[in-house]
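Reading through the structure tokens given below for one structure.
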Amino acid sequence: MTQKACRSCRYIVSGDACPLCQGTDLTKDWEGYILMINPENSRIAKEIDAKSTGKYALKIK
């Protein structure tokens with residue numbers, strides 16, 4: 001199954017809706033990813049507004 005990135009929160013999903021923000025505006029056109037392990041203490045998480053652990057797209061085209 002092709003992974004997609006949510007345009008709203010950047011979370012990588014394999015279904016038809018984002019489990020984090022419930023968004024359905026998904027794209028297959030993304031590059032790179034960040035594995036977020038500890039978003040509470042991560043400077044990068046603050047930059048991309050990641051609030052949960054998981055896989056996030058680095059760049060959405």
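Taken as a whole, the condition of being out of contact with any helix residue (DSSP H, G or I) (no Cβ under 8 Å at 6 or more places or on another chain) and surrounded by 13 or more Cβ atoms within 10 Å (Cβ to Cβ) applies to residue 48. Quick check: anything in region 8-20 under 8 Å from the mean Cα position of the chain (by Cα), outside any strand (DSSP E or B) and in contact (Cβ under 8 Å) with a residue 24 or more places away in the chain? Yes. Applying the set (1) within 14 Å of residue 3 (Cβ to Cβ); (2) more than 10 Å from the chain's Cα centre (by Cα); (3) not aliphatic (A, V, I, L, M) to residue 61 leaves exactly one unmet item: (1).
Residues in region 1-45 that are closer than 17 Å to residue 59 by Cβ and among the aliphatic types (A, V, I, L, M): 5, 12, 13, 26, 34, 35, 36, 44, 45. Applying the condition of being assigned to a loop (DSSP other than H, G, I, E, B) and under 20 Å from residue 7 (Cβ atoms) to region 36-52 and asking which residue is nearest to the chain's Cα centre (by Cα) yields 50.
Of everything in region 21-45 that is of a type in the set (D, E, K, R) and more than 13 Å from residue 9 (Cβ to Cβ), the residue that is surrounded by the fewest Cβ atoms within 10 Å (Cβ to Cβ) is 43.
Considering region 21-33, the residues that are part of a strand (DSSP E or B) and not aliphatic (A, V, I, L, M) include one that is farthest from residue 44 (Cα to Cα), namely 27. If you go through region 32-45 and keep only what is out of contact with any helix residue (DSSP H, G or I) (no Cβ under 7 Å at 6 or more places or on another chain) and not aromatic (Phe, Trp, Tyr), you end up with 32, 35, 37, 38, 40, 41, 42, 43, 44.
Every number here is computed from the coordinates shown, using simple stated rules; none is lab data. Quick caveat, the model's predicted, so the values are computed rather than measured. With ideal geometry, Cβ positions are generated from the backbone for all residues, glycine too; neighbour counts draw on all protein chains shown.
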